[in-house]
Amino acid sequence: MTDQITDIVKNKKARFEYEILDTFEAGIVLHGTEVKSIRQKKVSIQEAYARIKNGEAYIVGMNISVYEMGNRFNHEPTRERKLLLHGHEIKRLTGKLQEKGLTLVPLSLYFKNGKVKILLGLGKGKAMYDKRKTIQKRDADREIQREMKNYK
């Protein structure tokens with residue numbers, strides 16, 4: 001059986017700001033109208049990060065906009081949401097996050113077989129010169145593609 005994956009939102013800045021060392025897929029505990037807002041792509045993971053608290057993983061700063069058709073039981077947009085990871089993954093992440101300079105950033109949010117999943121990246125912050133190097137490489141690749149297109 002193949003997995004049906006539908007992208008919702010990607011955090012393009014994360015791969016620019018951080019050097020991603022490892023990735024983890026996690027489920028998210030959602031309440032009420034949150035899934036309906038996510039289906040309308042009214043979600044932002046730009047400022048979000050994940051942390052481990054009391055042996056459980058949480059995503060902080062993820063903004064799921066209020067559902068317009070919701071009633072008084074609508075959800076709170078920026079609450080901490082629990083992530084569903086295996087125990088051995090949480091233990092491994094706890095050890096890795098103790099290292100200096102490592103953080104857990106969301107890379108993308110997507111539906112997988114009808115369930116909302118988040119791809120987390122264990123990343124190390126890039127220095128300014130690394131970011132400049134990334135921009136130079138991207139520009140060079142773009143120039144090469146342009147020349148190849150003109151060559152044909």
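Put the Cα centre of region 15-60 next to the Cα centre of region 107-152 and the gap is 19 Å.
Taking a label point 7 Å from the Cα of Gln46 along the Cα→Cβ vector, which residues of region 96-118 have an amide N closer than 19 Å to it? Only 105-110 pass the distance filter. Please find, in a Gaussian network model of the chain (springs between Cα atoms separated by less than 10 Å), the residue of Arg72, Arg132, Arg15 whose mean-square fluctuation is greatest. In this elastic network of the chain, the residue with the biggest mean-square fluctuation among Arg72, Arg132, Arg15 is Arg72.
The ranking of Thr134, Thr94 from fewest to most other beta carbons within 10 Å of each one's beta carbon is Thr94, Thr134.
Helix 87-98 sits at what angle to the longest principal axis of the chain, using alpha carbons and giving 0 to 90 degrees rounded to 10? The angle comes out at about 60 degrees. The long axis of helix 128-151 is offset from the longest Cα principal axis of the chain by roughly 60 degrees. Extension gain for the segment Asp22 to Glu56, taken as residue separation times 0.36 nm less the Cα-Cα distance, is 10.4 nm to one decimal. The charge dipole of the chain, taken about its Cα centre with unit charges on the Cβ of Lys, Arg, Asp and Glu (plus for the first two, minus for the last two), comes to roughly 260 debye. Quick one, which of (1) 64, 24, 13; (2) 31, 22, 15; (3) 135, 15, 9 is the actual semi-axes √(5λ) of the Cα gyration tensor in Å calculated for this model? Only one option fits the structure, namely (2). Considering only Tyr110, Tyr129, Tyr58, the Gaussian network model of the chain with Cα springs below 10 Å gives its largest mean-square fluctuation to Tyr129. Choose one of Tyr18, His86, Tyr49: the residue whose Cα lies farthest towards the positive end of the charge dipole of region 2-152 (beta-carbon charges +1 Lys, Arg; -1 Asp, Glu; about the Cα centre). The residue sitting farthest along the positive end of the dipole is Tyr18.
Values quoted throughout were computed directly from the atomic coordinates according to the rules given, and no laboratory measurement underlies them. These numbers come from a predicted model, not from an experiment. Don't worry about glycine lacking a Cβ; one is built from the backbone with ideal geometry, like all the others, and counts go over all protein chains shown.
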